[in-house]
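See structure below.
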Amino acid sequence: MTISYRLPQQRTLSTAVPGPRSTDLAARRSAAVAARVGSSAPVYAADADGGVIVDVDGNSLIDLGSGIAVTTVGASNAQVADAVAAQAARFTHTCFMVTPYEGYIEVAERLNRLTPGDHEKRTVLFNSGAEAVENAIKVARLATGRDAVVAFDHAYHGRTNLTMALTAKSMPYKHRFGPFAPEVYRMPMSYPYRDDLGTDGVAAAKRAITTMDKQIGGDEIAAIIIEPIQGEGGFIVPAPGFLTTLAEWARENGIVFIADEVQSGFARTGSWFASDHEGLVPDIVTTAKGIAGGMPLSAITGRAELLDAVHAGGLGGTYGGNPVACAAAVAAIDYMAAEDLPGRAAHIAEIAVPRLKALAEQIPAIGDVRGRGAMLAIELVDPQTGAPDAALTKAVTTAALAEGVILLSCGTFGNVIRLLPPLVIPDELLLDGLSVLESALRTAALAPAVTAS
């Protein structure tokens, strides 16, 4: 890589974590911010660059979360920052629906080119991943004249009313927030580690297809929506053939196949999109997170005949495709291409996966190591029963943070540690972060057994 950094790319601790200034800010927060807005790390950021976040106490922490897969190009990428500043100096808003501007078109052109498939495409820009998903469903329902939408076990698609209906996990995303949007049906997912069908993706898809046929009817379904690699549900990589078999059945039945690439897109998995790994060509792709270097932007990109079928004014929003966010996206996407960040994600996997799998051989509580590129996961379980171990997961992430490494957990059962480093993280910093993770795992998972003996 030819990447340069503004901040030293090293882990340094000046205080305990959290330090006194973070503790003071936590007290201010409790008096000003709603109590149930969560934060996984009790530290407050003051600066960030490359693979580090510097907190208000001067601690330099290794970032293995990227703000949930957002800061793919780093949290203060110079090209993105320059593009944002230049655009903000010209205008911050006109509303594309009132006075359009070139940046929106530039982002759409890039997405039409990069998303899977060589068919004619159209793109619409929004603000958040949930907005993108909602609008993809709107397009599918209008284009097909049908109502039913199929989502999958362990899915996460957002926090709005419709996307909560699509999301599988109740707490904390759905609990007591209903009633939810109707005509949403949930099908069994291919989860190789826990699925009785294991790595037979075709059989898993046929199981879901049979259920759809029986419970809904193929001619009643407007859309099938799925994450090619599930995110909040536990970084579940479906078995080979699962996605393509579903997509083929969808085409045969006039169903719009939507790939939710909000978390898995933009170089994260070692390709531009996770769909690419199986040659999957969705009818619509939803994107957000890594698209704009940290600025709020999302999109739906799909077959021209689908998106162009919507009536005038049916798609849009006041802030959708904000000009500053568009400038950031153009800079971020061009940077990903220039620095071959898909290749960089594959390189991160080459470093991390063998080490994690070797660790799994030594620590029985590691039930599974999975993922693609720089979207990797460790599932922690009770070694005797295989039951999910959320308490151990929490202990590991807490211990790692105390040593200066930010880790995120996920999973339907809360027992998965996910690794989402910025793709610009230096190898040495990544290795240091993995060493801290390894130490935390050994201490949390093996120490009780040693004590008992």
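Only the coordinates and a few stated rules stand behind these numbers; no lab work does. Computed from a predicted structure; not experimentally measured. Neighbour counts are summed over all protein chains in view; Cβ atoms, including those assigned to glycine, are modelled from backbone coordinates with ideal geometry.
3J(HN,Hα) couplings calculated from phi for the range 302-311 with the Karplus curve 6.51 cos²θ - 1.76 cosθ + 1.60 (θ = phi - 60°) are, in sequence order, x, 4, 4, 5, 6, 5, 6, 6, 6, 5 Hz; Gly and Pro show x. For the chain, the relative contact order works out to 22 percent when only alpha carbon pairs closer than 8 Å and six or more residues apart are counted. Among the helices of the chain, those built from whole DSSP H runs whose Cα atoms reach 15 Å or more along their own axis and whose mean Kyte-Doolittle hydropathy is at least 1.0 are 323-338, 390-402.
DSSP beta bridges fully contained in the chain are about 65 percent antiparallel. Under 5 Å from the amide H of Val256 lie the amide H atoms of Ala223, Ile224, each residue being 5 or more positions distant or on a separate chain, with H modelled from the backbone and absent for Pro and chain starts. Here the calculated FRET efficiency for Ser170 and Ala312, from their Cβ-Cβ distance with R0 = 45 Å, stands at 0.70, rounded to the nearest 0.05.
Given R0 = 41 Å, the distance between the Cβ atoms of Arg113 and Arg442 translates into a calculated FRET efficiency of 0.35. Here the range 94-142 and the range 166-238 have alpha carbon centers that stand 25 Å from each other. Under a 5 Å amide H cut-off, with hydrogens placed 1.01 Å from N, Gly233 pairs with Tyr156, Gly411 among residues at least 5 apart or on other chains. Residue pairs exceeding 28 angstrom between C-alpha atoms, taken from Lys121/Lys214; Lys138/Lys214; Lys138/Lys289; Lys169/Lys289: Lys121/Lys214. Treating each Cα of the range 80-338 as one equal point scatterer and applying the Debye formula with no solvent, the log10 of I(q)/I(0) at q = 0.07 Å⁻¹ comes out as -0.23.
Each helix, a run of at least 4 DSSP H residues, gives -39500 (n - 2.57); summed and divided by the residues of the chain, these come to -12000 deg cm²/dmol at 222 nm.
Antiparallel beta bridges, as assigned by DSSP with both residues in the range 80-338, represent about 40 percent of the total such bridges.
Extension gain, Phe180 to Asp47, is 44.0 nm, computed as 0.36 nm per intervening residue step minus the present C-alpha separation. Neighbours of Ala78 by Cβ distance under 13 Å: Lys/Arg scored +1, Asp/Glu scored -1, total -3.
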